[in-house]
1. Using a/c under 1.5 as the rounded threshold, could you call the range A:182-282 rounded, prolate or oblate? The axes a ≥ b ≥ c are square roots of the C-alpha gyration tensor eigenvalues, and prolate needs a/b larger than b/c, oblate otherwise.
2. Find me the longest stretch of chain A that has none of the exposed trypsin sites (Lys or Arg not before Pro), where exposed means in a DSSP loop (not H, G, I, E or B) with at most 15 other Cβ atoms within 10 Å.
3. Hey, what did chain B get for relative contact order, percent, Cα under 8 Å, at least 6 apart?
4. Once amide H atoms are placed 1.01 Å from N in the peptide plane, what residues at a sequence separation of 5 or more from A:Gly299, or on another chain, have their amide H within under 5 Å of its amide H?
5. Starting from the Cα gyration tensor of the protein assembly as shown, take the square roots of the eigenvalues, sort them a ≥ b ≥ c, and report rounded, prolate or oblate (rounded when a/c is under 1.5, otherwise prolate if a/b is larger than b/c, else oblate).
6. Counting each DSSP H run of 4 or more residues in the protein assembly as shown as -39500 (n - 2.57), what helix-only mean residue ellipticity at 222 nm follows after dividing by all residues, to the nearest 500 deg cm²/dmol?
7. Could you grab the relative contact order for chain C? Cα pairs under 8 Å, six or more apart, rounded to a whole percent.
8. Output the 0 to 90 degree angle, nearest 10, between the alpha-carbon long axis of helix C:8-22 and the longest principal axis computed from the alpha carbons of chain C.
Amino acid sequence: MKANFHLSMIWLHRWSGLIFGWALYVIALTGTVVVFSDEISVWMQPELPANTVAVEQALITAQTHLQRAAPVAEFWSITPSAHHGGVTIAWAGADSAGNDRGDNALFDAVTGAVVAARDSHGTEPLVDLHFRLHSGPVGMWIVASAGMVMLLGLVTGVIVHRRIFRDFFMFRIGKGQRSWLDAHNIAGVLTLPFQFVIAFTGLMIFPVLLMPGALQAGYGGDRAAYVSDWYLPTQREASGMSAPLAPLLPMLAAAEHQLGGRIEQIAVAHPGDAAAIVTFWRGTDDRLSMMADWAAFDGPSGRMLASQTRYPPGIETSGVMVGLHFAKFGGAWTRWLYFFSGLASTALIATGLLLWTVKRGPESGKGLVAALNLATIAGLPMAIAAYFAANRLLPVDLTERGEWEIRILFLSWAACLGWALMHNRWASWAGMMLGAAFLLGIATILGGTGPVTLSLALSAVALGTTGLLLIRGARA
Amino acid sequence: MIALTLLLATAGFLTLALSMQRHRRDLGRQGKPPRAMRPVAFLLIGLSVFPAVADQGLAIGITSWGMALSVCAMAVAAWLTVRSSWR
Amino acid sequence: MLAAGPGGFALANAAAALGAETLPLSAAEAVTWATMAAFPIHLAAIIWAFAARSAAWAWAGIVIPALVCLLILSATA
C-alpha cells in the first residue's frame, strides 16, 4: 500500500506536470517579469513626465481641468500616479457645452497639459498572459487549473522526493539527467514556501469565481450582494438641484488623516449637484492587505460622511492573500526577492519539463514534447525580448502602435514555435537564447538610462551567457 | 536593514553548508565539522529576522524575511555548485 | 481522472456550500472562509482519487462525502 501510494504520487506528479507544465511556465515567467510592472510600464512610455508629483498638486490640476471641461458631469475620476508625474483624469456625462460624452486621458500633473506619450500597452499583455494566457475566460480557467496543479505538484513533489533535507544544497553538475533532477529539486525545495504561497494566493484573487459553491449557498450566486455586505462606499442619487462643489484640497487632507496613508484615487459622483459625493481611496503599497480603505465626503459642504478602515477577519485574510501575490507591499527590496523566487519557479517548471525529454533519451528529441519545450522555454523569453525591442524600434507615430507591439510579441513567439517544430536541436536552444539576448541588447541601447534598462542589460548578459554555454556544451 | 537580513541569512546558510560533510568538501575543507556548527547556523538564520522586522514592521518584515531565506539559500547553493564544479 | 478533477471540484463546492450555510458567522464571513477552505479540499480530493486502490474506491471517496454535505445542506435549508 505504502509503495503503491508512492508510485501513484510519482505518476500523478509526472503527468499533471507534463500536461500543465507549459501553461505553468508561461504563467511563472510572465509573473516574474511583471513583478516590476509599474517600473516597466513607465519605461515603455519614456515621454511620461519623470518626476513624481505630490497628490495635492495633481488634485489641484485635475479639479481645475474638470471644472472647465465638465462642471456638471455624472462622475469624475482622478488617479495621480505614484510612479511618474502624470495624473489620469476620466469623466462621463455632460461636458461644459451640455453634450453627453466622456473622456479618459493622462495629463501632466504640474502643467495640466495632455501627455503625448507613445501608444503602448506596457505590461498589459504580459499580465494578460499571466492570469489567463491571453485567451479570455477560458484562459482564466486553464490558469486556475494550472494553479491547482502547481499546488498538487508541490505536495506530490515533496512526497516523491524522499531525501528532501539531506539533498538540501546538492547540485551535481555535468551528470546528464541527474543534474536536471538536482536542479529541479533545489529550485523546488529551497523556495517551497514561496511556491506554495504564490500558487495558493493566485487562486485567492478570484476565489468566489473559481469556487462558486459557498457564494451560491450564501447569496444565491449574487457576487455584488456578497461584496456590498462588507465593502460599500457611500452612494446616493443625484438630487437634480445644483450646488457648487467645495474645494477638494481640504477634503484630501481630512481623508489622508482619516485613512493614514497616500491617497491613490479620488472620485466625484455627480459634481455640481447638491447630492455630490467625493470618495477617496487609500493606496495599499505600504501594507500586506490589498483592501483599499475609503472615505466619503459630502460634495457641497466638504463634510466627511463615512469611511472604512476595518474589515471582518475573513475578508482581511483574503485581502492579505491578494497582497502577498501582487508584491507591492515592501518596496524595491521585496520585489527583487519576489523576482528571484519567481525565477526559481520558472526554473523549477522548466527543469521539470526538460526531465521529460532528457529521461527518454535523444531519440525522442524530435518529438512534440521536445518541440513544445523549446518553443515555450526558450521561445517565450525571446518573444518578450522582441516585445521590449519593438517598443523602442517601432516609429512613435505609427497607427495602432500599441497593437503592433503586442502583435510582434505573438508573431515572434509563433515563429519560435514554427522553428521548433522543424529544427529541434541544441543549436536551436542556443539560437533562441542568443536571439533574446540580442533583442534585449537593442532595448538596452535604445532604452535610455535607469534601473529598468540596467535590468534589461543584465538579462541580456544572462541569456547570452546561457546561449554561449549551450553552444560550448553541444560541441563538447 | 534588509541588506543586513540578507547578509546574516547568507552567512547562516554558508555555516549550515559547512556543517554538512558533503558540502565541506565543496568548499575545500577537510575533516569532520565541529558539532556546534549547526546550532550556530540556525541561530544566524533565526537572527536575520530582526533587521527585516525592525525595518518593515512585523507582518511585512516576516514576509520579506521568508522570501530572503529562499533567495539566500539559492545563492549559497549556486556558490557551492560553482565551487564544486571548478575544483 | 474524472473523479479527481470535476469530481473533486464538485465535492469542494458542496463542502463550501455547507460551510457557507452552517458556519456560525455572518453570511459574508461564512462564505469567505468556506470558499478559502474549498481549495485545500479540492486538492485533497485529487490526491485521494489518484492514491485510491481502484476507480470504484476513488469515486466512493468523492461521491459519499459530497452527498453527505448536500444531505445536511438540504436538511438545514
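1. Oblate.
2. Counting at most 15 other Cβ atoms within 10 Å as exposed, the longest clean stretch of chain A is A:1-161.
3. 41
4. Result for A:Gly299 returns A:Ala276, A:Ile277, A:Val278.
5. prolate
6. -21000 deg cm²/dmol
7. It rounds to 42 percent for chain C.
8. Once rounded, one gets 20 degrees.
The values are calculated or read from the model by the stated rules, or taken from the named source; none is laboratory data. Note that the structure is a prediction, hence the values are computed from the model and not measured. All Cβ positions, glycine included, derive from the backbone under ideal geometry; neighbour counts span all protein chains shown. Surface areas here come from the heavy atoms of the whole protein model, side chains and all, with no ligands, DNA or RNA. Shrake-Rupley method; radii C 1.70, N 1.55, O 1.52, S 1.80 Å.
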